[in-house]
Structures are given as structure tokens and as C-alpha cells.
Amino acid sequence: NDTAQLNYLNPETREAVIQTILHVARKFPVIRFDAAMTLAKRHFQRLWFPEPGTGGDIPSRAEHGMTKQQFDDAMPVEFWREVVDRVAVELPDTLLLAEAFWLMEGYFVRTLGMHRVYNSAFMNMLRDEKNQEYRLVIKNTLEFDPEILKRYVNFMNNPDERTAADQFGKGDKYFGISTMLATLPGLPMFGHGQIEGYTEKYGMEYRRAYKDETPDGYLTERHAKEIFPLLRKRYLFAEVHDFLLYDLYSPEGYVNEDVFAYSNRTGDERALVIFHNKYANTRGWIRMSAAYPVKTGTGDERTMVQKSLGEGLGLQPDGQYFTIFRDHTSGLEYIRSSQKLHEKGLYLELDAYKYYVFVDFREVVDNEWHQYAHLENYLNGKGVPSIEEALKEIFLQSLHRPFRELVNAGQIRWLIQNRYGSTEFTPADLQESLDEVERKALTLTTEIKEFVDGEGDAELAANHIRQDIAASLLLPDIASQFPRPGSRKYKTALNYLSSGTGSSNTSPLADGDPGVWGTLLGWGITRRLGEMVDGTPDPEMSRVWMDEWLLGKILNQTIFDLGLDESGAWRATNTTKLLITHQDWAQVLTKPGRISRQRAAYNILQTWLKDSDVQRFIGVNRFQGMLWFNKEAFAEWLWWMYAVSVVQAINTNQTSEQLSKQIMAFYDVVAILKKAEKASKYQLELLLRAASI
């Protein structure tokens, strides 16, 4: 009624309402004002006390009209302004969040002083690809006061709107906008069911869901990989002191308004975010930022300034400096001249809805050989898993070229094809393949000798590699080449060698298993490389070079090309490295002096288990206070140790009787450890105890 409405214009009545809000604020740290965009002062006059001559929206209220001056006298300040001011004085730790759509977000934070306001423009404009308009919103905000960006609550859906999956889909566009949600200043807000990919609109009036939906596993996993790590870095993105928005200039010279590019910093940590919100391809340069205000030092006077990308990222404008950074999504690293980032900016080619989040920026100073400059030219803008590895690869090209000639899928397949016992085996083909191995090995060993300024004999080392490959290829037919008729023990030992692990009816050696042969031949090629230092065997140096010279990476790619999956290839490569480290385990059995097989087996097992890499290979793990190992992995390890010991024994030019005795001696140790494994119940302590008995 009229009296009630007039009473509301009374200051005492408004005070009572404000006291109610303050009462709530004392109980909760955050208050959300629903539909706050319906400004109390404006709409109160429009509905209840319309200006004379306007007629009003409610016909019966026309006779109660008030002039603008009369109404301002009765309600001089917008109600929300009164609320904000009172809360700031009496309960300053309370956060006030306003729901203010209809593009009134700026007014609520600039004029009314709300701490946070829902930013519906983020959802609507990015969904509809009104990119120029939304970039203008950001630019205008930056020009007025960058601090306002911190007050926006950005979102992609809410109970009043269609779900995020419905509005944005589940592909690159969704994740590009989600990336902006996670990396813009302000407050990111994820709606109900957004991460799970639910498509049913969630209304506050719902008592229950009407669709029987289950979380989209792919969507949640992609959130976990791409979005959640960014949310854990909100300290890097939330502030505005170093926030800069950039234009992307096409080669034709115009600004592509569909590309959002911005950087931010905190301390020494920097980030650059790029998102192309359009179903199209584009390219261009990001160099200069949009203007933003800076105080001149004279009162409140401000001047508008712009920064280059190099300045925005705090880089050195020096030709000797190079900037290395990583794309969060792909994990690839990039390198650019810091000076060029200042002068030219960053060149990008962007597919539809392509996005980058460049992080982990660091600067390096080029050396006297200009290695980083060469690397930048060599990569020509491409990303690589590791800049440091790429730098090594350029430095090591003289070694990698001959190593790849020797260790590649085609070469390994040819050797496997020419193994003894193969249906395609001929002595002539075997000799031809071994001659080629020795020629390529000589090129490799010669390069290594020059590279390390070594004293080893390159020809002798190449011949040793040939001998190891020849001995390895002989393994499937060792019984025919080195017979010992009537010896059951010898037959048992060779059957074990043929079986692969001693627990299968298959024969990976005879069958040409690419994983087994790739590992065995890789070991035969790499195990003697350390001889090039001073001419003496040096397994430790050979093993170190596998990592330092990235030879293991080349071997891994070769084994992958042979048909193994990624994890299988890496396991085979790591096995090769372990074989090099422990290849001489059986020497204790060939030295003069008497030592019992049991004692030898225990000492050898102890040596193996001191190596953390061996422990990982056999699956050592702690559970309920005890150390356990994997049965199958331990069996595989024993077989590999036996196989390399047999290859080395073949190369000692012994008679069949001498060689067979050694092979049986090696098998004695393996048999003791196999027996200990059966008694161990897969406990490491019991394994050692059983081996010592």
C-alpha cells in the first residue's frame, strides 16, 4: 500500500533493511545478492513513484508520481551503495557478490563498489564469438582501472543458463574458453556438472535430476591434465599489476580480433596465454600491448602507456639472451631470441580454437659457439620435448649420424633375419650383414675416438662389436654349433636359454622376437663403446654415454619402430642399459680360485640388489613393512643375465667342451637363484636368506 511504500523511502526503514544484511554478514563471510541489477532506486521510482507525464509501468501508480528531484531528496543514494559503505565500515572482511547482468557488471564494481560481480559477458560473448566486443570490454576496463578485472566472476554456465556442454561443446573451443576462465584475473567459477560434462540444465527449483547421467571420463581427465594445474597457479593469473592484453597483427597488417593474447607475472614467474576463438586458421605477430593507465606522480594524474611483449615478460633486450618457455598443454619447449621478442614479438600460426599457455619462462646467455642461436635457427619456431636435449642433439650430430646408421629398425630387422636357425638364414647373408655392421661400427668408433680425444683402437672396437653381434645371432642354434652329447645338464641349460624365462614353451630367440632381439643387439652394439677412452673395457663409461649422448633415445626409437609400444620400447631400452652395467657378473666364476656356486650366487644377488635400477626392474616395493619383488620380472632378469654371459663366453674362442662347462657353471648360479625365488614367497629378505643357504 501507499503507506508501506512511502515508509520504505524513510531512512529508518532502509536502516532496518541494512541491519538485516549486516546480521547475515556476521554469520557468513560471503553474501550473494540475487538479481542485483534491478537497482533499487531506479526501479523503485519507475514502478511506484513514476515521474509526472511518463504514465509509469503500473497505471494505478501514476497519481503517486514524484519528480526526479523529489525522489532524490527522499532516496539520495542508491541502496546498494549504502550497503557497500556500511559493510566496509562495520564488517570489512565480508565479501559482497552481486548478480548483475544486462552488461551492468562494470557499473556495479566501478560506481557501486561491489567486491565481486558475475561477468555474464564472458559466457555470452565468447560463446557467440563476439570476440571484438569482448576484447573491447577488457580494453575499456584496462583503460578505466585494471583493478576492476579482479572483481569479475567469470563463468560458462549457471542455473539460469544452458549447461556448458550444451553451449560450448566438449572440444577445443570449450577447453580454450576454460583456459581463459582459469587464467584471466578475477574469480573463475565452474557450474554444476560442468567438469563432468552433464547436459541437463540444473535449476535451483529442481528437487532431483531427471536425466540419469554419468561423468564423461574423457572430459574429466582432460580437465585434470589441462585445467586443474592452471587453477593451482591462480597466484600467477589473479592479479592485474602486470596483466597485459596484446593484439595479433596479421601479415597483411590488420588486427585479428578473434585472438585473445595476454601475459601476467608474479615475481620471476611469467605466463603468456593465447586463444583463437574462431573456426578458422590465422597467423601473425603478437608484439604490443593494449594501453593501460599509469600514474604520473602528480596527484591522480595518469598517462596511457603500452609495452612490447619483451617488456611485458620482463626479458632482456639483448641479442646474447635467449628465452626458453614451455607450452603447458603439449609439454613442448620453445626458444626465441629475447631481443627479437622485444623488436618483432612472437610469431604464431593458429588453427581453429587453438590455445597455448606458455609458462616456465627462463633466459639463458648464449656462449662463444652461439649454440642457442644455432638451435633457434635449426628449430625454426618448432617445439621440442626438451630444449637442452635438442641442444645436445645438435652438438652430438657427428655421433648420432653413424649411430643411427648402425642402430635403426631396418638394420636390426636384417640382423634378426640372418640369425642362426632362421628359415631365411644363409652363411653368405650372415657374413654380408656382419661385414656391414663392422663397417658402420668403425665409422662410429672413429667418431667417438675423435670426439673424446681417446686412445682406443677404433678398428679393434668395431671388430669387437662384430663379434658380439655374431655371438648373439648364434644363440638360437648354440646346441648344434657347440655340442656336448649325452649331457643332460647341458641340455637343461640350453633349454632354459631357448625358453626366454625358463617358464614358457615359446622361444623368443628362435622366433625372432623384436623386443628381445632389439635389446640384445642394442647391448652388443653399445657395450664396448667405452673402450675408445684408453683401449680397455669400460662398461660404466658405455652406460654413461647412453644417457649423456642420448644414444638410449635413439635405441628406444629403433625398438619402437620394430613394433613395440611406447612403454615396451622404454623397458627394452632400460634393460639394455642394465645389461651394460651388470654384463660382467659371471666373471667371478671364470677366475682362478675356488668359490662355491652357492656362495657365488649369494654374492652376485647382493650386488644386483644394491643397484636401485635393478630393484625397479624386478618390481621391489614396500608393503606392510616388508619388501616384495615381482616373480615374473625376477625371472626375466635372471634370463637376461644368463643370455649376456653366454654371448661373452662364446667370444672367448674356447672349445665346445670348455664353453659348455662355462655355460653349465653360469646355469648353476641361475638354478640356485631360481630355487631361492621359489622359497622366498616373493619377499626380498627371504630371497636373500634362501640364496645364502
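The values are calculated or read from the model by the stated rules, or taken from the named source; none is laboratory data. Since the structure is predicted, the reported quantities are computational estimates derived from the model, not experimental observations. A quick note on method: Cβ atoms are made from the backbone with ideal geometry, for glycine too, and the neighbour counts reach across all protein chains shown. To get the accessible areas, we keep the full protein, side chains included, count just its heavy atoms, and leave off ligands, DNA and RNA. Shrake-Rupley method; radii C 1.70, N 1.55, O 1.52, S 1.80 Å.
For segment 407-426 versus segment 131-161, the spacing of their alpha-carbon centroids is 65 Å. Against the chain, whose longest principal axis comes from its Cα atoms, helix 551-561 is set at around 90 degrees. Taken per residue, the accessible surface of segment 255-348 reaches 44 Å², heavy atoms only and a 1.4 Å probe.
Placing dummy labels 7 Å off each Cα toward the beta-carbon, the span from Ala88 to Ala224 is 4.5 nm. The share of C-alpha pairs in segment 357-440 whose separation exceeds 17 Å stands at 63 percent. Axis angle, to the nearest 10 degrees, between helix 514-526 and the longest C-alpha principal axis of the chain: 70 degrees.
Averaged over its residues, segment 502-654 has an accessible area of 44 Å² per residue, based on protein heavy atoms and a 1.4 Å probe.
Rg/Rh, computed from the Cα trace of segment 464-591 with Rh as the Kirkwood radius, has the value 1.00. In the chain, with Lys and Arg counted as +1 and Asp and Glu as -1 at Cβ, which of these residues, Val365, Ala35, Asn157, has the Cα nearest the positive end of the dipole, that is, farthest along it? Farthest along the dipole direction, towards plus: Asn157. Across segment 39-93, the mean sequence separation of Cα contacts (distance under 8 Å, 6 or more residues apart), normalised by length, yields a relative contact order of 33 percent.
With +1 assigned to the C-beta of every Lys and Arg and -1 to the C-beta of every Asp and Glu, and no other charges, what is the dipole magnitude of segment 146-204 about the Cα centre in debye, to the nearest 20? Each step should come with its number before you reach the end.
Working: 6 positive and 7 negative charges, 27 e Å.
Taking the Cα centre of segment 146-204 as origin, the dipole is about 140 debye.
Can you tell me what percent of all Cα-Cα pairs in segment 504-547 are more than 12 Å apart? Spell out each step's value before the answer.
Numbers: 599 of 946 pairs.
Everything past 12 Å amounts to 63 percent.
Close amide H pairs (under 5 Å, H built 1.01 Å from N) link Leu95 with Val30, Ile31, residues at least 5 positions away or on another chain.
Quantify how much of the Cα-Cα distance distribution of segment 535-693 extends past 18 Å, in percent.
On the way: 8006 of 12561 pairs.
The proportion of pairs with Cα distances above 18 Å equals 64 percent.
Helical content alone sets the calculated 222 nm signal of the chain at -14500 deg cm²/dmol, taking -39,500 (n - 2.57) per DSSP H segment of four or more residues and averaging over every residue.
For Asp247, neighbours were defined as the other residues whose beta-carbon sits under 13 Å from its Cβ, and their charges (Lys and Arg +1, Asp and Glu -1) total +2.
The local environment of His115, defined by Cβ-Cβ distances under 12 Å, has a net charge of +2 under the rule Lys, Arg +1 and Asp, Glu -1. Shown here is the pair-distance distribution of segment 82-212: with all Cα-Cα distances grouped in 10 Å bins from zero up to the longest one, the shares run 12, 39, 32, 15, 3 percent. Relative to the current alpha-carbon distance between Ala352 and Leu332, full extension at 0.36 nm per residue lengthens the span by 5.2 nm. Straight-line reach from Lys392: taking Cα to Cα under 26 Å and skipping same-chain neighbours fewer than 8 places apart, the lysines in range are Lys340, Lys382, Lys440, Lys449, Lys553, Lys577.
Place the peptides 677-686, 571-580 in order of packing, highest mean first, counting for every residue the other Cβ atoms within 10 Å and averaging per peptide.
Values: 677-686: 15.5, 571-580: 22.5.
Top to bottom by mean Cβ count within 10 Å: 571-580, 677-686.
Listed by chain and number, the lysines whose alpha-carbon sits under 19 Å from that of Lys170, ignoring those within fewer than 8 places in the same chain, are Lys201, Lys211, Lys225, Lys278, Lys354. Take segment 18-103 with all the other protein chains still there, run a 1.4 Å probe, and you get 56 Å² of accessible area per residue.
Overall, the chain carries a charge dipole of about 2440 debye about its Cα centre when +1 sits on the Cβ of Lys and Arg and -1 on the Cβ of Asp and Glu, all other atoms neutral. Between the helical axis of 397-406 and the dominant principal axis of the chain, each derived from Cα atoms, what acute angle in degrees is found, rounded to the nearest 10? Relative to the chain, helix 397-406 is tipped by roughly 60 degrees.
With a 1.4 Å probe and all protein chains left in place, how much of the accessible area of segment 51-105 comes from carbon and sulfur atoms, in whole percent? Can you show the working numbers first?
Numbers: 1700 of 3030 Å².
Answer for segment 51-105 is 56 percent, counting heavy atoms of protein chains only.
Across segment 566-571, coupling constants 3J(HN,Hα) worked out from phi with the 6.51/-1.76/1.60 Karplus curve, θ = phi - 60°, read 4, 5, x, 5, 5, 5 Hz, and Gly and Pro carry x.
When the accessible area of segment 438-508 is computed with all protein chains present and a 1.4 Å probe, what percentage of it is carbon and sulfur?
Details: 1640 of 3620 Å².
Exposed carbon and sulfur together represent 45 percent of the surface.
Contact order, relative form, for the chain: 7 percent (alpha carbon pairs under 8 Å, 6 or more residues apart, mean separation divided by residue count).
For segment 278-294, putting each phi into the Karplus relation 6.51 cos²θ - 1.76 cosθ + 1.60 with θ = phi - 60° gives couplings of 7, 7, 6, 9, 8, 7, x, 10, 9, 9, 10, 8, 5, 6, 9, x, 9 Hz, in residue order, rounded to whole numbers and with x for Gly and Pro.
Sequence-ordered 3J(HN,Hα) estimates for segment 140-149 from the Karplus curve with 6.51, -1.76 and 1.60 and θ = phi - 60° stand at 4, 5, 4, 5, 6, 5, x, 4, 5, 4 Hz, glycine and proline given as x. Orientation-averaged projection of the chain equals 45.4 nm² [convex hull of Cα atoms, one quarter of hull surface area].
Show me the ranking of peptides 603-615, 336-348 by mean Cβ neighbours inside 10 Å, starting with the highest.
Numbers: 603-615: 15.5, 336-348: 19.6.
The densest-packed peptide leads the list: 336-348, 603-615.
Provide the percentage of antiparallel DSSP beta bridges, counting only those with both residues in the chain; round to the nearest 5.
Numbers: 45 of 57 bridges.
In the chain, approximately 80 percent of DSSP beta bridges are antiparallel ones.
Under the simplified labelling scheme, the Ser480-Asn630 pair shows an inter-label distance of 3.6 nm, with each label point 7 Å from Cα along Cα→Cβ. The relative contact order of segment 407-507 comes to 23 percent, based on Cα pairs under 8 Å that sit 6 or more residues apart.
Close amide H contacts of Arg270 (hydrogens built in the peptide plane, cut-off under 5 Å, sequence separation of 5 or more or a different chain): Asp360, Phe361. Evaluated at q = 0.12 Å⁻¹, the base-10 log of the normalised Debye intensity for segment 102-176, with identical point scatterers placed on the Cα atoms, takes the values -0.35.
How much FRET efficiency would the formula 1/(1 + (r/R0)^6) give for Phe144 and Lys68, where r is the Cβ-Cβ distance and R0 is 35 Å, rounded to 0.05? Mind showing how you got there, number by number?
Details: r = 27 Å, r/R0 = 0.77.
It comes out at approximately 0.85.
Please say if segment 270-334 is rounded, prolate or oblate, where rounded means a/c under 1.5 for a ≥ b ≥ c the square roots of the C-alpha gyration tensor eigenvalues, and otherwise the choice is prolate for a/b larger than b/c and oblate otherwise? Because a/c hits 1.5 or more and a/b fails to exceed b/c, segment 270-334 counts as oblate.
At a 1.4 Å probe, what is the % contribution of carbon and sulfur to the accessible area of segment 219-326? On segment 219-326, the fraction of accessible area on carbon and sulfur atoms equals 47 percent.
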